[in-house]
Amino acid sequence: MHDRAPFNTVRHFAINADDLDRARGFYERVFNWQFQAWGPPGFYMIETGGEPQGSLQGRRELVPGLRTVGFECSVGVENLTVTLDAVREAGGKIVMGPVTIPTVGDLAFVEDTEGNVVGVMQYAATYRP
């Protein structure tokens with residue numbers, strides 16, 4: 001086990017927004033969350049005072065034609081390839097193949113047997129939130 005969060009737990013959530021300033025203001029006022037610009041333009045890390053770590057980003061489509069709504073969660077996994085194989089074997093689908101986020105790790109999005117989409121992330125050994 002690592003000194004980071006254990007594998008197969010929710011490690012990250014993202015809030016997708018049409019208006020980043022409006023969404024940021026809402027979460028600052030309601031939950032007193034703090035936001036720090038990080039990475040690409042229009043992307044903020046959220047400091048909630050606990051785990052999991054979160055981000056605020058412009059709305060996107062993981063599946064073409066399907067708006068991403070709700071909180072988008074990612075589960076930290078030890079081995080992304082093994083996890084993607086397990087998804088297929090369990091009747092799920094890969095909806096976005098692996099992409100590397102420099103200094104963070106490799107991320108894919110999968111759909112479960114009920115149509116729910118979740119991220120799976122193999123964090124880089126050197127990644128520290």
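List the pairs whose first member sits in the stretch 1-17 and is farther than 15 Å from T48 by Cα and β-branched (V, I, T), whose second member is part of a strand (DSSP E or B) and at pLDDT 85 or above, and whose Cβ atoms are under 7 Å apart, counting only residues at least 6 apart or on separate chains?
Matching pairs, first to second residue: T9/V75; T9/G76.
If you go through the stretch 95-106 one residue at a time, how many are under 15 Å from V118 (Cα atoms), surrounded by 13 or more Cβ atoms within 10 Å (Cβ to Cβ) and at pLDDT below 95?
The number of residues fulfilling the criteria is 2.
For every residue, the table says whether it meets (1) in a strand (DSSP E or B); (2) more than 16 Å from the chain's Cα centre (by Cα); (3) among the hydrophobic types (A, V, I, L, M, F, W, C).
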site	(1), (2), (3)
N16	yes, no, no
D21	no, yes, no
I46	yes, no, yes
R60	no, no, no
V75	yes, no, yes
D85	no, yes, no
G91	no, yes, no
D106	yes, no, no
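So for the stretch 82-91 (the condition being within 15 Å of F13 (Cβ to Cβ) and either hydrophobic (A, V, I, L, M, F, W, C) or surrounded by fewer than 17 Cβ atoms within 10 Å (Cβ to Cβ) (or both)), does at least one residue qualify? Walk me through how you get there before you give the answer.
To start, the set of residues in the stretch 82-91 that are within 15 Å of F13 (Cβ to Cβ) comprises none.
There is no residue in the stretch 82-91 that is within 15 Å of F13 (Cβ to Cβ) and either hydrophobic (A, V, I, L, M, F, W, C) or surrounded by fewer than 17 Cβ atoms within 10 Å (Cβ to Cβ) (or both).
Quick one: which of T100, T126 is without any contact (Cβ under 8 Å) to a residue 24 or more places away in the chain, part of a strand (DSSP E or B) and hydroxyl-bearing (S, T, Y)?
Result of the check over T100, T126: T100.
Cβ-Cβ below 8 Å, separation at least six or inter-chain, first residue in the stretch 43-70 and charged (D, E, K, R), second assigned to a loop (DSSP other than H, G, I, E, B) and surrounded by 14 or more Cβ atoms within 10 Å (Cβ to Cβ): which pairs?
From the stretch 43-70, the pairs are E47/W33; E51/A5; R59/T68; R60/T68; E61/T68; R67/R59.
Picking from G119, G42, which residue would you name as being within 30 Å of D21 (Cβ to Cβ), surrounded by fewer than 18 Cβ atoms within 10 Å (Cβ to Cβ), in contact with a strand residue (DSSP E or B) (Cβ under 7 Å, 6 or more places away or on another chain) and of a type in the set (G, A, S)?
Numbers: G119 fails: surrounded by fewer than 18 Cβ atoms within 10 Å (Cβ to Cβ).
Within the list G119, G42, the selection yields G42.
Quick check on F35: is it touching a residue at least 60 places away in the same chain (Cβ under 8 Å) and aromatic (F, W, Y)? Before the answer, list the steps.
Working: touching a residue at least 60 places away in the same chain (Cβ under 8 Å): no; aromatic (F, W, Y): yes.
For F35, the condition - touching a residue at least 60 places away in the same chain (Cβ under 8 Å) and aromatic (F, W, Y) - is not met.
How many of the residues in the stretch 36-59 are farther than 19 Å from C73 by Cβ and in contact with a helix residue (DSSP H, G or I) (Cβ under 7 Å, 6 or more places away or on another chain)?
Number satisfying all stated conditions: 1.
The values are calculated or read from the model by the stated rules, or taken from the named source; none is laboratory data. Just so we're clear, the structure is a prediction, and the values are computed from it rather than from any experiment. For neighbour counting, all protein chains shown are included, and Cβ atoms are generated from backbone atoms with ideal geometry for every residue, glycine included.
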